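The values are calculated or read from the model by the stated rules, or taken from the named source; none is laboratory data. This is a predicted model, so every value here is computed, not measured. In this analysis, Cβ positions are derived from the backbone assuming ideal geometry, glycine residues included, and neighbour counts consider all displayed protein chains. Accessible surface areas use protein heavy atoms only, side chains included; no ligands, DNA or RNA. Shrake-Rupley method; radii C 1.70, N 1.55, O 1.52, S 1.80 Å.
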Amino acid sequence: MWKEEDNKLKKTFEFDDFITAFGFMSKVAIVAEKMNHHPNWSNVYNSVSFELNTHDAGDKVTDKDRKLAEEIDKLA
Ligand SMILES: C[C@H](O)[C@H](O)[C@H]1CNC2=NC(N)=NC(=O)C2=N1
């Protein structure tokens, strides 16, 4: 479940291992590039955390972030 907090949409995904987490990140990277909307994210071993917002809108959550969140969910 995405949580909206501090002008960010936040969610953490956990996978079996690093290589699976990194495969997910690769798929997200391709979609983000196509959308020209890029996540703030971090990866620690099998875990990938997102904090989505729109820099061009003054670091607020916009429909672009909601759309990216939807696409990320489809790839997990
Ligand atoms: C020039 C380019 O379109 C912009 O910098 C895009 C790229 N990716 C982006 N990603 C995010 N998360 N926010 C933005 O405002 C944004 N702007």
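Table for the structure above
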read-out	value
Matching residues, the range 3-24, being without any contact (Cβ under 8 Å) to a residue 24 or more places away in the chain and either over 14 Å from Asn43 (Cβ atoms) or crowded, with 17+ Cβ neighbours inside 10 Å (or both)	Lys3, Glu5, Asp6
Close pairs from the range 34-48: first within 16 Å of Asp63 (Cβ to Cβ), partner open to solvent by 80 Å² or more (accessible area, probe 1.4 Å), Cβ under 8 Å, at least 6 apart	Met35/Lys64; Met35/Lys67; His37/Lys64; His37/Lys67
Residues of the range 1-32 satisfying the condition of being of a type in the set (S, T, N, Q) and within 16 Å of the ligand (Cβ to nearest atom)	Asn7
Of the criteria (1) open to solvent by 60 Å² or more (accessible area, probe 1.4 Å); (2) in contact with a Leu (Cβ under 8 Å, 6 or more places away or on another chain); (3) among the hydrophobic types (A, V, I, L, M, F, W, C); (4) under 15 Å from Met1 (Cα atoms), which one Ala76 fails	(2)
Filtered residue count, the range 30-70, keeping only those that are at negative phi, more than 9 Å from the chain's Cα centre (by Cα) and surrounded by 12 or more Cβ atoms within 10 Å (Cβ to Cβ)	15
Looking only at the range 33-69, and only at residues there that are more than 8 Å from the ligand (Cβ to nearest atom) and among the hydrophobic types (A, V, I, L, M, F, W, C), the one that is farthest from Phe18 (Cα to Cα)	Val61
